[in-house]
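Only one structure is covered here, and it is reproduced in the block below.
The values are calculated or read from the model by the stated rules, or taken from the named source; none is laboratory data. Keep in mind it's a predicted model, so treat the numbers as computed, not measured. Please note: Cβ atoms are built from the backbone with ideal geometry, for glycine as well, and neighbour counts cover all protein chains shown.
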Amino acid sequence: MTSARGSDKTSPARDAARAAGLEAALGSAGDRLVAEGVAAELVRDEFVELYEHAPLPALTLDAAYKIQRMNRALVDLLEVKREHCIGLDFAEFVREEDRARLAEHLSAAHLNAERCRVHLLPSSGVPVPVELWTNVLARTGLVQVCVVDRRTQRSSELDADRLLESERLARIENAAKDTFIAMLSHELRTPLTPALAVASHFRRGQFNEQVTRAFGLIERNLLAEARMIDDLLDMNRVLRGKMSVSCSPASVHDVAREALEALRPAALAKDLRVDCELLADRHHASVDPLRLRQVFANLVRNAIKYTPEHGRIWIKSWNQGDRLAVEVGDDGIGISAEEMQKLFAPFRQLGPREWGGLGLGLAISRSLLELQGGALTAHSPGKNLGSRFIVDLATTAALEPKRPGALAPTGPRDAHGVRVLLVEDDVDSAEIIAQVLLTSGCRVRTAASAHAARAVDLGEIDVIVSDLGLPDASGLELIRELQANGHRPAIALTGYGHESDVRAAVEAGFDAHLTKPIDVQTLIDLIALLTPRRAATS
């Protein structure tokens, strides 16, 4: 009983303690609720601020698609007062013919976020094309809509369309320019052909030294003219990224010697000392021999051109690891530091204008070497101290090159008795080429068109030499037709000299391709090479 009475006496104290604890707990919870409420208010205010000042027009619709909220950007777009719009059906601000699409769009938005293109009607009455990005909030059922003004988007689309159209027109213009340049090349080469044929033929004739030298001078200048045409075409290919090479293992020494020997007469004419020290142990590389020879010819020709009489030029080689370096040098006019900075830019010349040339050789040579995985560098101590150009290439195993369709004579041959069909529409070219072939012992039939060529009995013809640009058909079409009943040796003789032209000629049925203007002896050698049995038994 005593214990019970003691417990009763302490009950009020215990209750007071509990009450105090409860009051403290409630106070703490209230404080947290107040704090959380304040935080929620801050978040809401921040959201409202961001919503209000967002650059993209936006609005919130209730489940009946009536406007509950809209931001300033949409107010400005619709040119309205906000208080006049709240509670209105959003469809009232959409062009009438778009309202059915809007209703379908809003209904589908309950399933997933949707986009829809309509026209809004601002107070000005001028419809504004927009795209609606719509989403439905699952917890509240409210519909959130962002409005993208398509006037800016349409402007970008128009700009893109204009850019695409400009690119299309540029491609057409470039194609037209390429066609024009190819035609120009053909037309420029054609009149050079008979002149060079005469000069090269009579330079080899039995005349006195003065006449022989005169024909040699004519020949050199005609070849220089042809080189300038080639340089212009090559530079156009370089600038347009259309230059191509066909690489295979070859001796760089052999290619360099060929270029040097071809130009040795020009060096001797200036009484220049020519030294050749190609001593590198590893001198094979994966290159395009024809294009590499063009590089060495450019470098040797420049060395001859810029070295005064009685000077010295040289070509030498060495290995550096797995690399091959070939140097073409001279003790000529040299290169200043200022000139060195722009040396490989197109249309840059070292000497005075009267020395001739277009200033394209070095730019083309560097591009050709880069396409073959090589490099070209220039070195000079300065003006009148000579210069050195170094060709750098990666070496490879010494393998015999295989070049399908690339026939080339290895030396003078006899074409006596070979029966030739010459298809050439240029009267002067046909006359002089036929005359030179006849002088060399060939038996020649001429045709000025594809129609005339078809009338010739090919059973009496050993080799066909045909221009590609005929008045009534392409030489490619003609050779396909003539070769249909059995292959016959054929040589394409044309002013079109691009790599693609060579490939097209070989694919059509030609065995070789010569670009005008030609050295007639090269044509004679090719004829003999293609018809060895006939030439040997005649």
Worksheet item: Of all residues in region 367-381 being modelled with pLDDT of 90 or more and over 19 Å from His284 (Cα atoms), which is surrounded by the most Cβ atoms within 10 Å (Cβ to Cβ)?
Response: Ser380
Worksheet item: Can you name every residue in region 100-131 that is more than 22 Å from Ala73 (Cα to Cα) and among the charged types (D, E, K, R)?
Response: Arg101, Glu104
Item to complete: Looking at (1) assigned to a helix (DSSP H, G or I); (2) over 29 Å from the mean Cα position of the chain (by Cα), find the lone condition where Arg293 falls short.
Response: (2)
Fill in: Cross-chain or 6+ apart pairs with Cβ under 6 Å, region 311-340 first and of a type in the set (D, E, K, R), then modelled with pLDDT of 90 or more and in a loop (DSSP other than H, G, I, E, B)
Arg312/Asp331; Asp330/Thr307; Asp330/Gly386; Asp331/Gly311; Asp331/Gly386
Response to the item:
The lone condition Ile86 fails out of (1) under 21 Å from Leu50 (Cα atoms); (2) surrounded by 15 or more Cβ atoms within 10 Å (Cβ to Cβ) is (2)
Fill in: Ser123 being surrounded by fewer than 18 Cβ atoms within 10 Å (Cβ to Cβ), in the same structural domain as Lys66 (by TED's automatic domain parsing) and without any contact (Cβ under 8 Å) to a residue 40 or more places away in the chain
no
Discussion item. Take Ala325 and tell me if it is assigned by TED's automatic domain parsing to the domain that holds Ile390 and touching a Gly at 6+ places or on another chain (Cβ under 9 Å).
Written reply: no
Discussion item. Tell me the residue from Thr134, Thr179, Thr190 that is modelled with pLDDT of 75 or more and outside the structural domain of Gly469 (by TED's automatic domain parsing), please.
Written reply: Thr134
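Yes or no: Gly441 in a loop (DSSP other than H, G, I, E, B), at pLDDT below 85 and out of contact with any Leu (no Cβ under 6 Å at 6 or more places or on another chain)?
no
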Item to complete: Scan region 297-331 residue by residue and report those that are buried (at least 22 other Cβ atoms within 10 Å of the Cβ), of a type outside the set (A, V, I, L, M) and touching a strand residue (DSSP E or B) at 6+ places or on another chain (Cβ under 7 Å).
Response: Thr307, Asp330
Worksheet item: In region 269-292, how many are more than 19 Å from Asp330 (Cβ to Cβ) and among the basic types (Lys, Arg)?
Response: 2
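Those residues that are farther than 18 Å from Leu437 by Cα and surrounded by 22 or more Cβ atoms within 10 Å (Cβ to Cβ), I need them from region 471-493; list them, please.
Going through region 471-493, the residues farther than 18 Å from Leu437 by Cα turn out to be 471-488.
Result: Gly475, Leu478, Ile479, Leu482.
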